[in-house]
Amino acid sequence: MVERSRGVTPPVPGRARVPWWRIALRRGLALAGLLGLLGALAWLVTAAFRDGGDETPATTARAVVAPPPKPLRIVFPEGFTRDQMAARITAVDRIAKRKRGVQPRLSAKRYLAATARSPVPAGFAKDAKRGSLEGFLFPATYDFTPKTTSAQLLASQLKAFRRNWSKLNLSYARTKNLTPYDVLIIASLVEREVRVPEERAKVSAVIYNRLKAGIPLGIDASIRYALRVPPTQSLRQSQLDDPTSYNTRVHTGLTPTPIGNPGLASMRAAARPAKVDYLYFVRKPDKIHHFFTSSFTEFQNYANAHGY
């Protein structure tokens, strides 16, 4: 019988005590084996990369996951018409094939077909009866890939149009009994007439004032649109007298559709014109700025003085 003394734990009967040096030896051998195994794994990894040439883990990862191809890009300036956008698609396709060696799926023919038959955005269907998307093809820079279709590009333009149109306050236009489609038409007229940003709201005011007075708008850009006359050519008298519904010298009121695709600045000017009583404007000799007046006599005198 083993006597128990206070504060001392008696040994367990039948179990020999292991010397401390043997425990230390076992732990040392286990640690040495683990280090050897880790060293072998490191050697195998190094050998694998050595067999692959000069590659490193980073270059191997780049070889496995190649960076995505650089997207193609198409720019539609503000005021471009459907036809001009289709021509730009053709030009970009040629550049992509010549410089990048790729043939995009975008097609001018399919783009024109899609923009002629697609539904107009919500809120315009009642007034936009002709079905063309002229005016709704928001002008901007769009990235695309060789696999992007004409329908997908069109969807991007319509999305951009809806996003920008939502920024407008149409309350003033509604007080003048103008519909959203009327505002879009005015924006297209402003876009094709103005080259100086601060004149947008003034030209818009002339349109509002002439609509109220029942005076023909007299905007030659609408005649050019209908008869496909470029701005580099002068309009002949026979063209100025043409009975087309887009001739705002002959007919009062707005054109049947927008005459191009306006940007946000012209949309804002069309929704909120300047508070002026101008009824006339004529281009100044620099062919950039306009002279504005509410007097026909002043308008006529200015035009005569500059040989118009």
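Below are the figures for this structure:
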quantity	calculated
Residue identified as open to solvent by 30 Å² or more (accessible area, probe 1.4 Å), in contact (Cβ under 8 Å) with a residue 40 or more places away in the chain, under 23 Å from Ser245 (Cα atoms) and not aromatic (Phe, Trp, Tyr) among Thr145, Thr179	Thr179
Qualifying positions in the range 116-142 - at pLDDT below 95 and within 28 Å of Lys97 (Cα to Cα)	Ala116
Residues of the range 96-127 satisfying the condition of being of a type outside the set (Gly, Ala, Ser), surrounded by 13 or more Cβ atoms within 10 Å (Cβ to Cβ) and in a helix (DSSP H, G or I)	Lys97, Arg100, Arg110, Tyr111, Leu112, Thr115
Residues that are over 14 Å from Ala113 (Cα atoms) and under 13 Å from the mean Cα position of the chain (by Cα), drawn from the range 144-159	Phe144, Ser156, Gln157, Leu158, Lys159
Qualifying residue in the range 165-172 (condition: within 15 Å of the chain's Cα centre (by Cα) and surrounded by 13 or more Cβ atoms within 10 Å (Cβ to Cβ))	yes
Criterion: part of a helix (DSSP H, G or I), at pLDDT 95 or above, more than 27 Å from Gln103 (Cα to Cα) and small (Gly, Ala, Ser) - qualifying residue of Ala173, Ala155	Ala173
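The values are calculated or read from the model by the stated rules, or taken from the named source; none is laboratory data. This structure is a prediction, so every number in the text was calculated from the model and none was measured. Quick reminder, even Gly has a Cβ in these numbers, built from the backbone with ideal geometry, and neighbours come from all protein chains shown. All accessible areas refer to the heavy atoms of the entire protein, side chains included, with ligands and DNA or RNA removed. Shrake-Rupley method; radii C 1.70, N 1.55, O 1.52, S 1.80 Å.
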